[in-house]
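K.L.:
For reference, the structure I am asking about is given below.
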Amino acid sequence: MTNAFAHLDSTRRVVKRAQYEAFEFECLNGGIRVRNCSHAEPAEHEYHVTVDDGIPVACECPADAKYPSACKHRVAVAIRTPLLDAAATQAVADGGTVVSDSDAGETDECDCADLGDGFPCWECYRTGKRTLPE
């Protein structure tokens with residue numbers, strides 16, 4: 001499993017905002033639409049985050065273009081491993097099975113230590129090894 005957050009360069013302030021702001025996400029072809037519902041007009045604060053090989057590599061927002069580090073939208077996507085897994089999932093339209101990149105080559109490696117705030121990685125949560133903090 002790849003820890004997308006470990007691949008991003010971001011400031012502590014951006015990481016905090018990515019954790020507490022009220023984001024809504026929608027999986028799209030080639031990425032994720034991030035809407036910031038912390039604003040009075042959320043539709044005016046909606047950006048497409050491009051995901052490449054499980055890493056949020058770009059965002060349409062002005063901050064991502066202006067600053068060298070990752071914007072809060074990219075960080076918000078990166079810290080939500082289930083969201084990245086959903087973006088990578090390929091559904092078979094004929095009633096077949098759902099295939100996810102995360103299902104291939106499962107290992108005992110864990111990314112929990114990189115997440116902070118006591119949150120488990122997706123694999124540990126999915127398998128019941130760890131639970132969400134209260």
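K.L.:
How do the pairs read when you match residues in the stretch 10-31 that are farther than 14 Å from CYS59 by Cβ with residues anywhere that are in a helix (DSSP H, G or I) and of a type outside the set (Ser, Thr, Tyr), using Cβ under 6 Å and keeping only pairs 6 or more apart or on different chains?
P.N.:
VAL15/VAL75; CYS27/ALA86; CYS27/ALA87
K.L.:
I'm trying to understand the selection: among the residues of the stretch 102-134, which are at pLDDT 75 or above and of a type in the set (Lys, Arg)?
P.N.:
Of everything in the stretch 102-134, those that are at pLDDT 75 or above and of a type in the set (Lys, Arg) turn out to be LYS129, ARG130.
K.L.:
Same structure, new question: Are there any pairs, at least 6 apart or on different chains, whose C-beta atoms fall under 6 Å, with the first in the stretch 110-134 and charged (D, E, K, R) and open to solvent by less than 90 Å² (accessible area, probe 1.4 Å) and the second part of a helix (DSSP H, G or I) and at pLDDT 70 or above, and if so, which?
P.N.:
ASP114/ALA6; ARG130/CYS124
K.L.:
Restricting the first residue to the stretch 33-44 and requiring it to be without any contact (Cβ under 8 Å) to a residue 24 or more places away in the chain and small (Gly, Ala, Ser), which pairs with a second residue that is assigned to a loop (DSSP other than H, G, I, E, B) and surrounded by 13 or more Cβ atoms within 10 Å (Cβ to Cβ) meet a Cβ separation below 9 Å and a spacing of at least six or different chains?
P.N.:
Once the first residue is without any contact (Cβ under 8 Å) to a residue 24 or more places away in the chain and small (Gly, Ala, Ser) and sits in the stretch 33-44, its partners that are assigned to a loop (DSSP other than H, G, I, E, B) and surrounded by 13 or more Cβ atoms within 10 Å (Cβ to Cβ) give SER38/GLU21; SER38/HIS45.
The values are calculated or read from the model by the stated rules, or taken from the named source; none is laboratory data. Just so we're clear, the structure is a prediction, and the values are computed from it rather than from any experiment. Glycine gets a Cβ as well: all are built from the backbone with ideal geometry, and neighbour counts include every protein chain shown. We work out accessible area using only protein heavy atoms, side chains counted, and drop any ligands, DNA or RNA first. Shrake-Rupley method; radii C 1.70, N 1.55, O 1.52, S 1.80 Å.
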